[in-house]
1. Against the definition (charged (D, E, K, R) and modelled with pLDDT of 95 or more), how does A:Glu173 come out, yes or no?
2. Out of the residues in segment A:75-97 meeting the condition of being among the polar types (S, T, N, Q) and in a strand (DSSP E or B), tell me which one is surrounded by the most Cβ atoms within 10 Å (Cβ to Cβ).
3. Going through segment B:38-67 one residue at a time, which ones are over 20 Å from A:Val211 (Cβ atoms) and either outside any loop (DSSP other than H, G, I, E, B) or among the hydrophobic types (A, V, I, L, M, F, W, C) (or both)?
4. Would you list the strands (runs of 3 or more DSSP E) that sit entirely within segment B:69-156 and hold 3 or more residues that are touching a residue at least 40 places away in the same chain (Cβ under 8 Å) and over 16 Å from the mean Cα position of the chain (by Cα)?
5. Return the only residue of A:Gly64, A:Gly136 being in contact (Cβ under 8 Å) with a residue 12 or more places away in the chain, crowded, with 19+ Cβ neighbours inside 10 Å and either in contact with a strand residue (DSSP E or B) (Cβ under 6 Å, 6 or more places away or on another chain) or farther than 15 Å from A:Leu172 by Cβ (or both).
6. What is the number of the single condition among (1) under 27 Å from A:Tyr181 (Cα atoms); (2) within 11 Å of another protein chain (Cβ to nearest Cβ); (3) not hydroxyl-bearing (Ser, Thr, Tyr) that A:Cys95 does not meet?
7. Could you check segment A:98-126 and list, in sequence order, the residues that are under 14 Å from A:Phe155 (Cα atoms) and not in a strand (DSSP E or B)?
8. Test each condition in (1) more than 9 Å from chain B (Cβ to nearest Cβ); (2) in contact with a Lys or Arg (Cβ under 7 Å, 6 or more places away or on another chain); (3) touching a residue at least 60 places away in the same chain (Cβ under 8 Å) for A:Val215 and report the one that comes out false.
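The values are calculated or read from the model by the stated rules, or taken from the named source; none is laboratory data. Just so it is clear, the model here is predicted, and its values are computed rather than measured. Because the Cβ atoms are built from the backbone with ideal geometry, glycine has one as well, and the counts that use them run over all protein chains shown.
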Amino acid sequence: MQEERSDILTERRVRTSIRAALAIRAFQASLALVVLVTGVAIAPSTAIAVSSSGQFAVSVTPAGAGMYANYTLASFTTGNKETTTRVAITFPAQCDISGATALNPNHYVISRTGSTVVLGFTTPYGPRTTFAVPLGNVRNPVTPGTYSIASPIVFTLQGGGTSNVSPPGRRLEFTILASPYIVMTVETPGDLQAVDFGTVDPGVTSAGQLVRVTVDSSADFTISRGLTGQFVEMGLGYPLLPTGPQLAGVRVFDDVLTVTPPWVADPGTYTAQIQYTAVQN
Amino acid sequence: MKRSLLISALAVVMIFSAVALASGDVAIFNGASGSNTVDNSTNLVKPKVTVNPKVTLTVTTPDANQEVLFGTVDPGGTAGPLNVTLEVDSNKAFTITSAEDLTNFDAIVLNRTLTAPTAGAKGQGVSFTDTMDISVPWSVEPGAYDATVQYTVTQN
């Protein structure tokens, strides 16, 4: 009888042990499930939608100090469910972005504020799309050295926010080379470097039209002007440009042009071309 | 919400900036890397003008009010020559013609010699002379008589 009791007791203990173990395991499973759910809920709602891909870097052409250059940031890749509408790029303060332009026909400049250029995409880049961002007419720092661009900020639609894109552990660096530089900017009253005097009677002097030539040079220089085309038939008038060396730095030359068509030129339309040349001494 | 407002403000700034830049053109030229020279040969400045056709005629007579006064002439007599000077400004080759109105000149004969312009003449101050003289026949009764001459310059 005792033996039987012992057996019964043993059985009961075993059964109890099994039940406890099962209960514990079940609890553990439940606990794990809770943790998993919690982990997903905790994951940030602003997960990065656009990532960098490949050798994410910036290229600068040309890279000489003080030159106007093209900057290309490549490559970006949109996320699985994201659409990218614009990107903001902050250059180092030593760059001049006041004339920055979009080089990709799908891109356009929204704003230039301080050192930040915001580019919009006419056709937004859809999911899983790789694209580059080229910019033109950015002036390099005048001092040679290594500079870096802060992480571009890419704006997305479905993401509802911004995502910072940067290569892990790496900044977007570029090197500006030491070189003599000389840069010329020519501003005309008309598009495409045009100076249109309209219709003028022979023997009459037109109103002046301003062509502004700005030279930024690392050394003293001289400036000259050359004419081709029908400037005689037009009766093109122009002031004397300053002769002799001009001091290094930024120098502005205002070329006020006029026309006085001579009576010996037939009625009609006449065109000419003007070349400005600056040479360091 | 704040982000949306910021973007809108940037868009407004962009619009005003775009209007300001649209009035002309700016071209930037780099000197080649390492070069000490720069020019705008890749995008020259291009002046342009359209010249109107124009012609002017200045008529100078020996007397005031565009008159050529032969004075008092006996019948059977002549008077002159007197010159009318014409000056043409034309920026194209031209033709000059003249037409007389002798309605009130009775039988008085008006002789004129207008020098023709050199073929293709144009420019400023192209000058001609119309030399005039008259002869009065006995059939013309005493009195005052006048005629008119119209000159016309036409660009070819």
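1. Working: charged (D, E, K, R): yes; modelled with pLDDT of 95 or more: no.
It is false that A:Glu173 is charged (D, E, K, R) and modelled with pLDDT of 95 or more.
2. Step one: filter segment A:75-97 for residues among the polar types (S, T, N, Q), giving A:75, A:77-78, A:80, A:83-85, A:90, A:94.
Applying the additional criterion that residues be in a strand (DSSP E or B) yields A:75, A:77-78, A:84-85, A:90.
Values: A:Ser75: 16, A:Thr77: 19, A:Thr78: 23, A:Thr84: 25, A:Thr85: 14, A:Thr90: 18.
Taking the candidates together, the pick is A:Thr84.
3. Taking segment B:38-67 first, the residues over 20 Å from A:Val211 (Cβ atoms) are B:51-67.
Within segment B:38-67, B:Val51, B:Val55, B:Thr56, B:Leu57, B:Thr58, B:Val59, B:Thr60, B:Asp63, B:Ala64, B:Glu67 qualify.
4. Numbers: elements: B:78-90, B:94-101, B:109-114, B:123-135, B:148-155.
Filter on segment B:69-156 gives B:78-90, B:94-101, B:123-135, B:148-155.
5. Values: A:Gly136 fails: crowded, with 19+ Cβ neighbours inside 10 Å.
Every option except A:Gly64 fails the conditions.
6. That leaves (2) as the condition not met.
7. A:Gly126
8. (1)
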